[in-house]
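Worksheet for the structure shown next.
The values are calculated or read from the model by the stated rules, or taken from the named source; none is laboratory data. The structure presented is a predicted model; accordingly, all values stated were derived computationally and were not measured. Note: ideal-geometry Cβ built from the backbone for every residue, glycine included; neighbour counts use all protein chains shown. For the accessible areas, the whole protein counts, side chains as well, though only heavy atoms, and no ligand, DNA or RNA atoms are used. Shrake-Rupley method; radii C 1.70, N 1.55, O 1.52, S 1.80 Å.
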Amino acid sequence: MGATYAALLLGSQFFADDFLYLQLGARDALTIPWLFEPSYGHLAPVFRLLHVLIAREGGVSWPFAAGVLAILVGLMYTAILWFARLLLGRGPAAIVVALVCASAIPTLRTTMWLASGVQVIGGAFCMTLCIAGFIAYLKSDKRWHLAVSVGALALGLLWQERPILTIGYLILIRYLFFTPERPWGWPRVRSEARIWAPYLVVDAAYLWYRLFVFESEPAPGNLGDGVTLFTSGFLRSYLPSLVGVRQSLDSDWVEPSTVLGAIVLLAAFLYVLATRRGAWRCVAFLVATYGANIVVQAAGRLGVPGTDPVWISRDLQYFVDPYLATVFALCLAWTLPRRETPLISARVSAIAMTVVAVPVALSTALHWVDVVKVNHQSYSHRYLNQALTDLAHTGNVDLISLKVPEAVSPPFVARFTDQERFFTIDADLRRQFRDASPRKVVITADGNLVPAHPVTLGWASPAATDAGPACISGPAGTELRLEVPSGARADEQVGFVRITYSSPAAVAVRITSGPGADNDWPVRLPAGEDRSVIQRLDHTPTDQLRITTLRRAENLCVSSVWLGMIAVDTIDGCRVIDHHGAPTATAARCDEEWGNLPTAVGAED
């Protein structure tokens, strides 16, 4: 199963908040407090630790990340197989159950996105291992089984929040399916207390830290959004997933796959009802666990500004756990006593299961192909693969860093969409980018690496400073302010600055053109004479440009500050590009070279 997923996932790519977590994992100091920092509201130290591993060992290599995801799927498969064998025996039925869960459309779709795959599949593995260890303990009374279960719960709670629900799964399993024969009394109370005490200690410690120490609060929405989330998710994600279908985002509330999913679900539980006594227990287990998953989902996300409950309800990562809960409920039916006289014959039930199983398997296989194919054709896949291919076939270059397009990484991670900041988490690419290289290039919005040409708007002049007209010396926080003439203020989202300077030592600075700019990452100015660094300006410059030192600087002297835009050759001629590398309607000349720009402060042409 792991090998199968590794092969399928090779065609995917990094997306959205992958850019954030990989950059944090690559550059932040690995400390215990850092691991326990909020990750978009989640308490997820194991999740953060895995991103450290991926970023520092794999860089921007998607195959390495895909290998980590494949291992997690393999672990989840193994835990489900243990669970199924405990209930169904060591025959082929247990393998089929594990394969069904691991090959479910929600599982596949979730693993196509690194951050969601690491978080959700890892959490599902821990929850399943906890449940399997608990059942093994109830059947064997071996303490090491209980230790595995409690350890899996603790690990899961360090992975993400959803394993907090596991204690509810265990209570339902204990008192619906493994009810003790001993009558209630002090002996039984003591026996039950010994079972539950370690779980309660782990949960109590987690809840204390989560509620009173951890600096993040849930964001529950209103009741109306909760109802929308429940109904839309049930009809448009959960039921279709049971027959191996991922509905398109523009689908109606009720589609044929919705009806087929409802029929399959109903048929499965009718079979349990026809062959087992106490089938209501399976229904109660599924209703309780499904409802709890939706409540946690609503409590954590719906109150975030701009959150659309319908959009969340279409995200299949939130339906991995409900899908697994459905399979668990059906497997638990095998613990119930058989009916002395089944309401359906063995032959009829075999035919019915075949009639249901074959179309569902075919549907799942077809949608596997569709999900993988669509993912391979995604904008993120094309953009990053093209950029990495071009970078692999070029030598040393000076990459003028643009921003990753919003279709690859949405605005909510805007501060982590700088191209150079992302690509340089990879050591090989980091060595390839050289500020002194005469080859100035950009990565365009389609991922192509192309020559960059300057389009001059004007020059900024240094304002007076204590160290001289164009030099600064002093501790961190020392500023050099540059006056920007009105004609040199670029149109919004297309401004760039080239600073030519001299410094006896390397110094880190921040170059800003206005409040709230995304390009507030440190810029390293290497030591040397007449060195030049080109930096993107994310906002329209005001009347001043500020160069602020981030550590002590001595005799940092600026000889010229160029302000302008970048142009590239396109099929429509030479065009100015925006900050994502997309061509604008503004025509330009692509015969201008960076080496021909004047180096004197205040030069106009």
| request: Inspect the stretch 53-66 for any residue being under 30 Å from ALA205 (Cβ atoms), crowded, with 22+ Cβ neighbours inside 10 Å and in contact (Cβ under 8 Å) with a residue 24 or more places away in the chain and give the result as yes or no. | output: yes
| task | Could you tell me whether the stretch 11-23 includes any residue that is hydrophobic (A, V, I, L, M, F, W, C) and modelled with pLDDT of 90 or more? | result | yes
| Among (1) over 28 Å from ILE135 (Cα atoms); (2) open to solvent by 50 Å² or more (accessible area, probe 1.4 Å); (3) touching a residue at least 40 places away in the same chain (Cβ under 8 Å), where does LEU211 come up short? | (3)
| query | Quick check: is even one residue across the stretch 180-187 open to solvent by less than 40 Å² (accessible area, probe 1.4 Å), at pLDDT 90 or above and farther than 19 Å from MET1 by Cβ? | reply | no
| said: Go through the stretch 441-456 and report how many residues are open to solvent by 10 Å² or more (accessible area, probe 1.4 Å) and assigned to a loop (DSSP other than H, G, I, E, B). | reply: 4
| field | Filter pass, ASP225 being acidic (Asp, Glu), open to solvent by less than 40 Å² (accessible area, probe 1.4 Å), out of contact with any Phe, Trp or Tyr (no Cβ under 8 Å at 6 or more places or on another chain) and at pLDDT below 90 | value | no
| field | Near pairs, Cβ below 7 angstrom, 6+ apart or cross-chain, from the stretch 278-295 (over 17 Å from ALA124 (Cα atoms)) to any residue that is surrounded by 18 or more Cβ atoms within 10 Å (Cβ to Cβ) and β-branched (Val, Ile, Thr) | value | ALA279/VAL272; CYS282/VAL272
| field | the stretch 33-77, residues that are of a type outside the set (A, V, I, L, M, F, W, C) and within 28 Å of PHE214 (Cα to Cα) | value | PRO33, GLU37, PRO38, SER39, TYR40, GLY41, HIS42, PRO45, ARG48, HIS51, ARG56
| Across the stretch 384-394, what is the total count of residues that are closer than 21 Å to ALA436 by Cα, open to solvent by 10 Å² or more (accessible area, probe 1.4 Å) and in contact (Cβ under 8 Å) with a residue 40 or more places away in the chain? | 2
| request: Hey, can you tell me all the residues within the stretch 406-418 that are in a loop (DSSP other than H, G, I, E, B) and open to solvent by 10 Å² or more (accessible area, probe 1.4 Å)? | output: GLU406, ALA407, PRO410
| Criterion violated by GLU492 - all others in (1) touching a strand residue (DSSP E or B) at 6+ places or on another chain (Cβ under 9 Å); (2) modelled with pLDDT under 85 satisfied | (1)
| message | Scan the stretch 108-115 and tell me whether some residue there is part of a loop (DSSP other than H, G, I, E, B), of a type in the set (Ser, Thr, Tyr) and either over 27 Å from GLY2 (Cα atoms) or in contact (Cβ under 8 Å) with a residue 60 or more places away in the chain (or both). | response | no
| message | Going residue by residue through the stretch 14-29, is there one that turns out to be part of a helix (DSSP H, G or I), in contact (Cβ under 8 Å) with a residue 40 or more places away in the chain and open to solvent by 40 Å² or more (accessible area, probe 1.4 Å)? | response | yes
| Looking only at helices (runs of 4 or more DSSP H) that fall completely inside the stretch 36-106, which ones have 3 or more residues that are under 14 Å from the mean Cα position of the chain (by Cα)? | 45-53, 62-88
| note | Only one of (1) modelled with pLDDT of 75 or more; (2) in contact with a helix residue (DSSP H, G or I) (Cβ under 9 Å, 6 or more places away or on another chain); (3) more than 30 Å from GLY25 (Cα to Cα); (4) not in a loop (DSSP other than H, G, I, E, B) does not apply to PRO438, and that is (4)
| said: Suppose we filter the stretch 308-326 for residues that are surrounded by 22 or more Cβ atoms within 10 Å (Cβ to Cβ) and out of contact with any helix residue (DSSP H, G or I) (no Cβ under 8 Å at 6 or more places or on another chain); how many remain? | reply: 0
| query | Among the candidates PRO359, PRO342, which residue alone is at pLDDT below 85 and more than 30 Å from GLY291 (Cα to Cα)? | reply | PRO342
| field | Every residue from the stretch 30-45 that is of a type outside the set (D, E, K, R) and surrounded by fewer than 19 Cβ atoms within 10 Å (Cβ to Cβ) | value | LEU30, THR31, ILE32, PRO33, TRP34, LEU35, PHE36, PRO38, TYR40, GLY41, HIS42, PRO45
| query | Quick check, is LYS403 crowded, with 16+ Cβ neighbours inside 10 Å, modelled with pLDDT of 70 or more, under 30 Å from PHE416 (Cα atoms) and not β-branched (Val, Ile, Thr)? | reply | yes
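For every residue, the table says whether it meets (1) under 25 Å from ARG314 (Cα atoms); (2) of a type outside the set (Phe, Trp, Tyr); (3) open to solvent by 40 Å² or more (accessible area, probe 1.4 Å).
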{"residue": "GLY91", "(1), (2), (3)": "no, yes, no"}
{"residue": "LEU99", "(1), (2), (3)": "yes, yes, yes"}
{"residue": "ALA115", "(1), (2), (3)": "yes, yes, no"}
{"residue": "MET127", "(1), (2), (3)": "yes, yes, no"}
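To keep it simple, each residue is scored yes or no on (1) modelled with pLDDT under 85; (2) surrounded by 14 or more Cβ atoms within 10 Å (Cβ to Cβ); (3) out of contact with any strand residue (DSSP E or B) (no Cβ under 8 Å at 6 or more places or on another chain).
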residue: THR512; (1), (2), (3): yes, yes, no
residue: GLU529; (1), (2), (3): no, no, no
residue: THR542; (1), (2), (3): yes, no, yes
residue: LEU550; (1), (2), (3): no, yes, no
residue: SER560; (1), (2), (3): yes, yes, no
residue: ILE566; (1), (2), (3): no, yes, no
residue: ARG575; (1), (2), (3): no, yes, no
residue: ALA588; (1), (2), (3): no, yes, no
| task | Just give me the residues in the stretch 127-151 being under 24 Å from ARG48 (Cα atoms) and touching a Ser or Thr at 6+ places or on another chain (Cβ under 8 Å), in sequence order. | result | MET127, LEU129, CYS130
